[in-house]
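Below you'll find the structure, written out as structure tokens, and then a few comments.
The values are calculated or read from the model by the stated rules, or taken from the named source; none is laboratory data. Being a predicted model, the structure only gives us computed values, none of them experimental. Reconstructed Cβ throughout: ideal geometry from the backbone, glycine too, with neighbour counts over all protein chains shown.
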Amino acid sequence: ERSHTTKMAAELHRSYREVVQPSLQAVVSIYTSGKVSEEAKKNFQFGPFKFFEIPENDDGPPPQKLRQALGSGVIVRKNGLVITNNHVIKAADEIKVVMVDGRTFDAKVIVKDADCDLAALRLVKVILRHPKTTSLVVGWGVISFTK
């Protein structure tokens, strides 16, 4: 019984690795910042949150505040096309995309759709490189040298 359980656990581990490993390099973190007014913040409603009302403030012109957001995305093309959520980049003046290996790139919005909560970004000045070997395994320690 224990041997059978051990074999099943090994198979599950291997199948998980085979699914995750090829796509791991495509997952990115997205950091945004931008100035928004309180009025714009009030209208920042999407998905299940669009039904909540935020009280109004009639004390003069709305003040500007720095809004920062963090989200994730997926690189879908070698030319640096990234798909993410619209609410992550909605009020962004600056967008930074961080790869799993720590490289950081600026990005620009190509298209966005608030109704679907989707956005497409293009990485600026990017050269995406792919590993030349498939013998690496997720979880192994690796040392990388770049010029």
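Odds and ends about this structure:
- Of all residues in region 101-114, those satisfying the criterion of being exposed (fewer than 12 other Cβ atoms within 10 Å of the Cβ) and assigned to a loop (DSSP other than H, G, I, E, B) are Asp101, Gly102.
- Helices (runs of 4 or more DSSP H) lying entirely in region 1-98 (those with 2 or more residues that are aliphatic (A, V, I, L, M) and modelled with pLDDT of 85 or more): 86-89
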